[in-house]
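Enquirer: The structure follows.
The values are calculated or read from the model by the stated rules, or taken from the named source; none is laboratory data. Just so you know, these numbers come straight off a predicted model, no measurement behind them. FYI the Cβ positions are ideal-geometry reconstructions off the backbone, even for glycines, and counts take in every protein chain you see.
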Amino acid sequence: MAEDFPITQRLLDWRMGRPEALDEVMPQVYETLHRIAQKYMRQENRGHTLQPTAIVSEAYIKLIDADVDWQNRAHFFAIAARIMRRILVDHAKAKHRNKRGGSATKISIDEVAVKQAEPEVDIVELDLALKRLAELDERKSKIVELHYFGGLKYDETAEVLQISAATVDRELRMAKAWLHKAMKESF
């Protein structure tokens, strides 16, 4: 994690009142944020109006305004994942409202579904299912969010949540099964 220190240090410097540190760190994290956003967009239906650059730009604005004591690079991407999830859900809800009952924006959740019985899922339904999962088991919900929406690897997710990578693996498998069942029941 040699490259983690500069990002972590710049995030800490930014929080300590050195605004230019944000300008130094953004080129380093932009590529990763854009790659995560592109992953989401590849899973969207054709004709989707939201672009990866727009997601990253909106997330950037929200990250600047976030009052967070950054712990490290993984923590930054965890917060970014949550923000991007909200952006996607809000966009899907707005599009759904605009169509007055039309189908909401759908994304593929290969990584979330245990068996790919449903190739696409309504992002609003996924958000509701994740909220229900959080009520039952907040840690499993966070693991899904960090891994799927944040693109964090098992060891990075483990670091953010201060658990082992084996626990991440086990709980992610259980969360995927629960989400698959919950989503299937809601159709």
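Enquirer: Residues in the stretch 85-99: is at least one in a loop (DSSP other than H, G, I, E, B) and acidic (D, E)?
Expert: Within the stretch 85-99 (the criterion being in a loop (DSSP other than H, G, I, E, B) and acidic (D, E)), the answer is no, since none of the residues qualifies.
Enquirer: Sort out which residues of the stretch 58-85 are in contact (Cβ under 8 Å) with a residue 12 or more places away in the chain, over 24 Å from D155 (Cα atoms) and not small (G, A, S), and write them in order of number.
Expert: E58, Y60, K62, I64 - these are the residues of the stretch 58-85 that are in contact (Cβ under 8 Å) with a residue 12 or more places away in the chain, over 24 Å from D155 (Cα atoms) and not small (G, A, S).
Enquirer: Still on this model: Take the residues in the stretch 156-187 that are assigned to a helix (DSSP H, G or I) and free of Cβ contacts under 8 Å to residues at least 12 places away in the same chain; name whichever of them is farthest from Q71 (Cα to Cα).
Expert: E185
Enquirer: Also, I was wondering about something else. Does E159 satisfy being surrounded by 17 or more Cβ atoms within 10 Å (Cβ to Cβ) and at pLDDT below 90?
Expert: Yes.
Enquirer: Checking A182 against (1) surrounded by fewer than 17 Cβ atoms within 10 Å (Cβ to Cβ); (2) more than 16 Å from R82 (Cβ to Cβ), only one condition comes out false. Which one?
Expert: Going through (1) surrounded by fewer than 17 Cβ atoms within 10 Å (Cβ to Cβ); (2) more than 16 Å from R82 (Cβ to Cβ) one by one, A182 breaks only (1).
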